Amino acid sequence: MTPYVDSLRSQILRRDITAQMAALLKESLAIQVGSPDTDLIETGALDSMALVQLTHAIEERFGLKLPPMSELDVDAFRSVAAMTDLILDHRPESVDSVGNPPPVNGKPAAAPDAARLAVAGEIQSLLVTEFSVRVDSPDEDLFHGGALDSMTLVQFILALENHFGIQIPLDDLELERVTSVTRAADLVVTRKLAGTAVVSETLAAFR
């Protein structure tokens, strides 16, 4: 994977975690964050008890183990941006957070045909309505054909999340999984079957 693609994946991953953290603060502590850089300590939104509760919530949501509070700098929780850095620093490298099924013969497993075909049709319609792109074949390479590029890729993934009510953590996402309508449909159905459907309603705030 090229340095450019690695950089793109890192940017998308950071954006994804930032959105999840904003949602977690709202769900766990009823804290509405207007900006990822808002100082939650200075504004009094977080106190010592809230920090303990938040630490447990972060561990549960992201499947990681943070050091004891006595070993953590309070600045690590000062803002959503700081908490995103904390999560990135401590996330398990071996965890596949995309919800991919076990590979078959070294290749990503396909979603059930009926579900995949239905979702593929919706994705083709989504490409028309959101990107003014008409794809004749669901197996057409969206990048080689010029339908998507590095900029519209991010928008495409966000559109999939919003339309299908799912969340796509991208630290283990290979770009090959969204290079065609069929592959994107596999990914969407996989997320649904994994039971991880979550509406990313906070993403729009950080676009």
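The values are calculated or read from the model by the stated rules, or taken from the named source; none is laboratory data. Every value quoted in this text rests on a predicted model; they were computed, and no experiment measured them. Reconstructed Cβ throughout: ideal geometry from the backbone, glycine too, with neighbour counts over all protein chains shown.
Between S48, S94, the distinction of being over 26 Å from A159 (Cβ atoms) and modelled with pLDDT under 80 belongs to S94 only.
Matching residues to (1) touching a Cys at 6+ places or on another chain (Cβ under 8 Å); (2) surrounded by 13 or more Cβ atoms within 10 Å (Cβ to Cβ); (3) not in a helix (DSSP H, G or I):
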| site | (1), (2), (3) |
| --- | --- |
| V119 | no, yes, no |
| Q124 | no, yes, no |
| L127 | no, yes, no |
| V135 | no, yes, yes |
| D139 | no, no, yes |
| G145 | no, yes, yes |
| F156 | no, yes, no |
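Figure legend. Inter-residue proximity from the range 151-167: first residues outside the structural domain of D16 (by TED's automatic domain parsing) and modelled with pLDDT under 85, second residues assigned to a helix (DSSP H, G or I) and among the polar types (S, T, N, Q), beta-carbon distance below 9 Å, spacing 6+ or different chains. Indicated pairs: V154/Q11; Q167/Q20.
The test for being farther than 22 Å from I87 by Cβ, at pLDDT 85 or above and not aliphatic (A, V, I, L, M) holds for T179. Starting from residues that are more than 18 Å from A45 (Cβ to Cβ) and part of a helix (DSSP H, G or I), keep the ones in the range 62-87 and report whichever is modelled with the lowest pLDDT. Ranking the qualifying residues of the range 62-87, first place goes to F62.
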